[in-house]
Amino acid sequence: MLKLNGIGVSEGIAFSKVFIYKKENPEIVKKAVKDTEAELTKFKSALDESEEQLDLLYKKACEELGEEDAGIFTAHKMFLEDPEFVLGIRENINSGDNAEFAVKKVADSFIESFSLIDDEYIRERIADIKDVSERLIKNIMGIKEKSLSDIEEECIIAAYDLTPSDTAAMNKEKIKGFITQIGGKTSHTSIIAKTIGIPAVVGVDDIFKRFKGGENIILDGFSGSVFISPDEDTAVKYMEISVNYNNEKNKLKKYTERETVTSDGKKYKVFANIANHHDVSYVTENGAEGIGLFRTEFIFMDRSSLPTEDEQFEIYKSVLESMAEKPVIIRTLDIGGDKEAQALNLSKEANPFMGYRAIRICLDRKDIFKTQLRAILRAGVYGNAEIMFPMISSVEELLKAKDVLNEVKNELKSENAEFSENIKTGIMIEVPSAALISDILAKNCDFFSIGTNDLIQYFTAVDRTNEKVQDLYNPYNPAIIRILNYIIFNGLKAGITVGMCGELASDENFTDMLCGFGLNEFSVNPSSVLKTRRNICLSNSKDNEKKASDVLKAQSSDEVKNILKNGM
Ligand code: PEP
Ligand code: MG
């Protein structure tokens, strides 16, 4: 038996076999070619193989997503049949290039000339070229990648990292847990694991040296331990922990239909966060009172073209209908940072979390922003939708975003389109500057939702995705406690609703304090809804308020922790 240590980021215990998920990024170099004919044959068979793969992908996508979405694979195939592309590659091979180098050369020259044209359609084609040429190159080089969607046996995924596009395609039924080398409590791997309700451990060093694939392991999402080929004693001990954990989870079920109300009658709301419309089932299963964060950027990821207005409309409508009249806070596109969207063809940045991101992109690319706002407003008539802008850092930014929203409303009005005119409009408070002017911002919107994942990262200057500095990612820092109180105070004073949709909302050590500060709504991962509700129901306002006032006087993180955990 071998024990590895990582950071437990999603609770639970998993027993299963390891599935290694490794993405290959081949280095493409020019090689001396002796046999041009052999290179041409290699290219031709890779071309045929790529076409076959695209046909299969098209068929699968048609069944799962419908013909319109599947169209992207036809577009890719057409590119492989483009005479200019194919002949260009052949010519380069004939002049002495190796096949993979010839593909890269021609693809790069297409991308370079397309990049000079400032046109939405052309930008999307760049993403197609990248995608298709990568496929072709991997086929030439004989690189076979396993996809998470192909998994048919139960397993625990071991990967360097899991990006949103990796997890979007995965077979959730079969995946029992995640282990990754990089990441922190609020990175994508952790959030997705918590949404599905499976254990996850991040920060395991040298992941590809530790596992060979197929070995039995035990994953402890509480402590971050991983046991390879566990001995009998360890297996028995973990069986017991797992049974107890599942019993506890079953006991929580009685809170599914309950109101969230303290023992002395003070009401709160527990909402859930989702990343796509498929997650709604986890929300309703757990009896959340609404959706406090719909991370719509996931609709934009894992595809090479932007979603159309109608496509988005259908998705928002289906979520709203599934939630009946319960509120659904739809956050506008929060791409950038650790979330990439191929279709936007964004360039790499030195500091992506502080760069071209979220509302900054939307105010720059009004075409994308307006399309999304139109879709939300139109879908709004099918339920109780609210709009939320991410990454607001100044009042000007908020006013600009609201101007675009008004512009879109006027356009819809002039088209006589049906839409939700009085939709509530709120903002995320996740940037320190917004927190400090929350009194001003509160006068200009209907609600706040505190994004602690980013707020802590920016406030304490600790990269939320970097496992090397996770010890410094410390919500107990008195600075965080003070700023949270300040934001909630300002929101309530202005008479608006204040929620929290960052991961801190589901941290049970903070629940009483947040109730004491007066937070109205906790938006947590679907798997944390019941526990959060139970903790609120078991608390009472007097104790919560005392905790809230004591913690504000704390002089260190340790003192904060003591007060929150032990009330002293
Ligand atoms: C946050 O920053 O707390 C948040 C909820 O947004 P995201 O994790 O999507 O950045
Ligand atoms: Mg955020």
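Throughout, read-outs are computed from the coordinates displayed, never taken from laboratory work. It should be emphasised that the depicted structure is a prediction, and the values quoted were computed from it without experimental measurement. When we count neighbours, we look across all protein chains shown, and the Cβ atoms used for this are built from the backbone with ideal geometry, even at glycine.
For this structure, a couple of remarks:
- Rounded to 10°, Cα long-axis angle of helix 478-493 versus longest principal axis of the chain: 80
- The label point for Met78 and the one for Asp118, both projected 7 Å from the Cα toward the Cβ, are 2.6 nm apart.
- Close amide H pairs (under 5 Å, H built 1.01 Å from N) link Met428 with Phe389, Met391, Ile392, Ser449, residues at least 5 positions away or on another chain.
- Summed residue charge, Cβ within 11 Å of Asn94's Cβ, Lys/Arg positive, Asp/Glu negative: -3
- Highest mean packing first, where packing is the average number of other Cβ atoms within 10 Å per residue, the peptides 26-38, 412-424, 304-316 line up as 304-316, 412-424, 26-38.
- Near Asn5: Cβ cut-off under 14 Å, other residues only, Lys/Arg at +1 and Asp/Glu at -1. The net charge is -3.
- Segment Ala235-Lys249, length gained on full extension (0.36 nm per residue, minus Cα span): 3.0 nm
- Each Lys or Arg adds one and each Asp or Glu subtracts one; over the other residues with Cβ under 11 Å from the Cβ of Pro230, this totals -3.
- Computed from Cα positions, the angle between helix 232-252 and the longest principal axis of the chain comes to roughly 60 degrees.
- Cut-off under 5 Å, modelled amide H: who pairs with Asn525 long-range: Asn273
- Residues whose amide H comes within less than 5 Å of that of Ser10, counting only those at least five positions distant or on another chain, are Ala200 (H built at 1.01 Å from N in the peptide plane).
- Trypsin sites (Lys or Arg not before Pro) lying in DSSP loop within the stretch 177-229, provided at most 15 other Cβ fall within 10 Å: Lys212
- Tilt relative to the chain, helix 309-322 - C-alpha long axis, 0 to 90 degrees, to 10: 40
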